[in-house]
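Heads up, the thing below is written out as structure tokens.
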């Protein structure tokens, strides 16, 4: 949130930890909510950008994807199978399977996708950058 807010973007964040939310107070809208055990905190809302890092809870993945506005961007990175060989998370529930993130984003236009190993710190991840096409099928121009 801080990185985007410092660049002039309006930001909204959610975390179940009151301490995490307290750390970003004043940056924008910050909600304490347990999205794994409670209702989705943004029903009917869509955002120009949705960023998810180091998080996977498959039941809310559809709601996250639906939160990307028409013409909006999704940036998502989290751990994938193989990470159990180098550290945590190691439970399969928290590790994407090969190509899983790519398949989940089938309704979006994928701009970039990676699935592999990073050295520092050692971890296996999948990353995706994708946009939701505009209603007329046009794609907004995003500089590379």
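The values are calculated or read from the model by the stated rules, or taken from the named source; none is laboratory data. Everything numeric in this text was worked out from a predicted model, so none of it was measured. Every residue, glycine among them, receives a Cβ derived from its backbone with ideal geometry; neighbour counts consider all protein chains shown.
Hey, among the residues in segment 29-45 that are touching a residue at least 24 places away in the same chain (Cβ under 8 Å) and surrounded by 12 or more Cβ atoms within 10 Å (Cβ to Cβ), which one's nearest to residue 65 (Cα to Cα)?
42
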Close pairs from segment 128-144: first exposed (fewer than 13 other Cβ atoms within 10 Å of the Cβ), partner assigned to a loop (DSSP other than H, G, I, E, B) and at pLDDT below 95, Cβ under 6 Å, at least 6 apart = 139/133
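Among 26, 87, 49, 71, which is without any contact (Cβ under 8 Å) to a residue 12 or more places away in the chain and either under 17 Å from residue 1 (Cβ atoms) or assigned by TED's automatic domain parsing to the domain that holds residue 127 (or both)? Lay out the reasoning, then the answer.
Details: 87 fails: without any contact (Cβ under 8 Å) to a residue 12 or more places away in the chain; 49 fails: without any contact (Cβ under 8 Å) to a residue 12 or more places away in the chain; 71 fails: without any contact (Cβ under 8 Å) to a residue 12 or more places away in the chain.
None of the other options fit; the residue is 26.
So that you can scan it fast, the table gives a plain yes or no per residue for (1) under 18 Å from the mean Cα position of the chain (by Cα); (2) modelled with pLDDT of 95 or more; (3) on the phi < 0 side of the Ramachandran plot:
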{"position": "19", "(1), (2), (3)": "no, yes, yes"}
{"position": "25", "(1), (2), (3)": "no, no, yes"}
{"position": "32", "(1), (2), (3)": "yes, yes, yes"}
{"position": "44", "(1), (2), (3)": "yes, no, no"}
{"position": "47", "(1), (2), (3)": "yes, yes, yes"}
{"position": "51", "(1), (2), (3)": "yes, yes, yes"}
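Please pick out the residue among 103, 127 that is at pLDDT 95 or above, in the same structural domain as residue 56 (by TED's automatic domain parsing) and in a helix (DSSP H, G or I).
Details: 127 fails: in a helix (DSSP H, G or I).
Answer to the check: 103.
Kindly provide the set of residues from segment 46-57 that are surrounded by 11 or more Cβ atoms within 10 Å (Cβ to Cβ) and out of contact with any helix residue (DSSP H, G or I) (no Cβ under 8 Å at 6 or more places or on another chain), ordered by number.
Pass one, segment 46-57, residues surrounded by 11 or more Cβ atoms within 10 Å (Cβ to Cβ): 46-52, 54-57.
Scanning segment 46-57 gives 47, 48, 54, 55, 57.
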Say we look at segment 106-119 and pick out the residues that are in a loop (DSSP other than H, G, I, E, B) and touching a helix residue (DSSP H, G or I) at 6+ places or on another chain (Cβ under 8 Å); which of these is nearest to residue 132 (Cα to Cα)?
-> 108
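Filtering segment 58-78 down to residues that are in a strand (DSSP E or B) and out of contact with any strand residue (DSSP E or B) (no Cβ under 6 Å at 6 or more places or on another chain), which residue is nearest to residue 117 (Cα to Cα)? Spell out the reasoning first.
We begin by selecting, within segment 58-78, every residue in a strand (DSSP E or B); these are 68-78.
Narrowing the set further to residues that are out of contact with any strand residue (DSSP E or B) (no Cβ under 6 Å at 6 or more places or on another chain) leaves 70-71, 78.
Numbers: 70: 32, 71: 30, 78: 12 Å.
This residue is 78.
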